[in-house]
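Here is the structure we will look at, set down as structure tokens.
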Amino acid sequence: MTTLEELRSPAEIYDTHFVPALFAQWGPVVAAEAGVQKGDRVLDVACGTGALTLAAAEIVGPSGSVVGLDANPEMLAVARRKPVQVEWLEGSAEALPLPDSSFDAVVSQFGFMFFEDKPKALAEMMRVLKPGGRMAVAVCDAVESSPGYGAFALLLDQLFGKEVGDAFRAPFSLGDAGRLYEICNEAELAGAEVVQRNGKVRFRSIDALVSTERACVWTLGGLLTDEQFERLLKESETVLRPFVIDDGTIEFDMPSLIIKARIS
């Protein structure tokens, strides 16, 4: 029998589960790192369903404007349902369909690691900034820097092999400040800075975390059979138990690395 959850698109699952558990908290943080302020014109690249876009829109207010851009039409379909004054635009980070020098700030959170040509994407973001404009691009720090996810990745290795564990690790692939500086150099991005900021992962239960990860089309989606999932859930109850707080909620640190730059 098909469940209601199985009928939902990956974008809807992402917005319902991942955004409140992980990504909503980062919107104000990344906007602050880019110095977003009232009246600014802001671009959010790889906006997804709009976690950062909405935070920027709240800061800039009616005197400012925000554009949310994503290559995934399903993500944008969910974003467009949000009751906020934002221009949603389908497009590629490597070829922004926007004019030069048109934004006060460009921001992006947790999409950069999936871009095909990362230096090109950075160059494009800088191209559309006005003189004095600021950029902030957040990626997940290394999985080892997140104790709960680090333990979960090792459990996947142990149960199903390194290929499945590495599929889960994909979003953490740029968790290396040295590599980020290399990409900035390839993009000829002068004066870039990489800073670490800490956030929390918070799901209502271990079951909710494991079920959400299994449903994620970008990592574990489609990789596990029902029998393997049941085994993962059972073993996770032990492995992730140290991160459970009083009411059954699971919570642990998940830091990010943020590339910051400014147009002179």
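Could you count how many residues in the range 193-205 are closer than 24 Å to Asp176 by Cα, open to solvent by less than 40 Å² (accessible area, probe 1.4 Å) and either of a type in the set (Lys, Arg) or out of contact with any Phe, Trp or Tyr (no Cβ under 8 Å at 6 or more places or on another chain) (or both)?
Going through the range 193-205 one residue at a time, the tally reaches 1.
Return the residues of the range 125-164 that are among the aromatic types (Phe, Trp, Tyr) and open to solvent by less than 10 Å² (accessible area, probe 1.4 Å); say none if nothing qualifies.
Tyr149, Phe152
Quick check on this structure: which one of Phe168, Phe115, Phe152 is modelled with pLDDT under 95 and either out of contact with any helix residue (DSSP H, G or I) (no Cβ under 7 Å at 6 or more places or on another chain) or aromatic (Phe, Trp, Tyr) (or both)?
None of the other options fit; the residue is Phe168.
Quickly run through the range 206-222 and pick out the residues that are under 21 Å from the mean Cα position of the chain (by Cα) and open to solvent by 20 Å² or more (accessible area, probe 1.4 Å).
Selection gives Ser211, Arg214, Ala215, Val217, Trp218, Gly221, Gly222.
Could you tell me which numbered condition Trp26 fails, if it satisfies all but one of (1) at pLDDT 95 or above; (2) open to solvent by less than 10 Å² (accessible area, probe 1.4 Å)?
Among (1) at pLDDT 95 or above; (2) open to solvent by less than 10 Å² (accessible area, probe 1.4 Å), the lone unmet condition for Trp26 is (1).
Looking at Phe252, Phe203, Phe229, which is the one that is over 20 Å from the mean Cα position of the chain (by Cα) and either at positive phi or hydrophobic (A, V, I, L, M, F, W, C) (or both)?
Phe229
Looking at (1) surrounded by 23 or more Cβ atoms within 10 Å (Cβ to Cβ); (2) of a type in the set (Gly, Ala, Ser); (3) over 30 Å from Arg241 (Cα atoms), which one does Gly111 not meet, given that it meets all the others?
Going through the list (1) surrounded by 23 or more Cβ atoms within 10 Å (Cβ to Cβ); (2) of a type in the set (Gly, Ala, Ser); (3) over 30 Å from Arg241 (Cα atoms), Gly111 breaks only (3).
If a residue has to be of a type in the set (Gly, Ala, Ser), touching a residue at least 60 places away in the same chain (Cβ under 8 Å), open to solvent by 10 Å² or more (accessible area, probe 1.4 Å) and farther than 18 Å from Asn72 by Cα to count, how many in the range 29-58 make the cut?
The number of residues fulfilling the criteria is 1.
Could you count how many residues in the range 79-95 are under 19 Å from the mean Cα position of the chain (by Cα) and under 19 Å from Ala187 (Cα atoms)?
3
Can you tell which of Val36, Val107 is of a type in the set (A, V, I, L, M), outside any loop (DSSP other than H, G, I, E, B), at pLDDT 95 or above and touching a strand residue (DSSP E or B) at 6+ places or on another chain (Cβ under 8 Å)?
Val107
In the range 39-52, which residues are more than 15 Å from Gln85 (Cα to Cα) and assigned to a strand (DSSP E or B)?
Val45, the sole residue that qualifies.
Give me the pairs, please: first residue somewhere in the range 100-126 and within 22 Å of Gly199 (Cβ to Cβ), second residue anywhere and surrounded by fewer than 16 Cβ atoms within 10 Å (Cβ to Cβ) and among the aromatic types (Phe, Trp, Tyr), beta-carbon distance under 8 Å, and either six or more positions apart or on two chains.
Going by the 8 Å Cβ cut-off, the qualifying pairs are Phe114/Trp218.
Looking for whichever is of a type in the set (Asp, Glu) and more than 22 Å from the chain's Cα centre (by Cα) here; the options are Asp141, Asp157. Which one fits?
Testing whether each residue is of a type in the set (Asp, Glu) and more than 22 Å from the chain's Cα centre (by Cα) leaves just Asp157.
Scan the range 77-90 residue by residue and report those that are free of Cβ contacts under 8 Å to residues at least 24 places away in the same chain, surrounded by 15 or more Cβ atoms within 10 Å (Cβ to Cβ) and outside any strand (DSSP E or B).
Hits for the range 77-90: nothing passes.
Looking at Gly191, Gly161, Gly178, Gly165 in this structure, which one is at positive phi and without any contact (Cβ under 8 Å) to a residue 24 or more places away in the chain?
On the way: Gly191 fails: without any contact (Cβ under 8 Å) to a residue 24 or more places away in the chain; Gly178 fails: at positive phi; Gly165 fails: at positive phi.
Answer to the selection: Gly161.
The values are calculated or read from the model by the stated rules, or taken from the named source; none is laboratory data. Everything numeric here is computed off the predicted structure, so don't read it as measured data. A quick note on method: Cβ atoms are made from the backbone with ideal geometry, for glycine too, and the neighbour counts reach across all protein chains shown. Just so you know, the surface numbers come from the protein's heavy atoms only, side chains and all, with ligands and any DNA or RNA stripped out. Shrake-Rupley method; radii C 1.70, N 1.55, O 1.52, S 1.80 Å.
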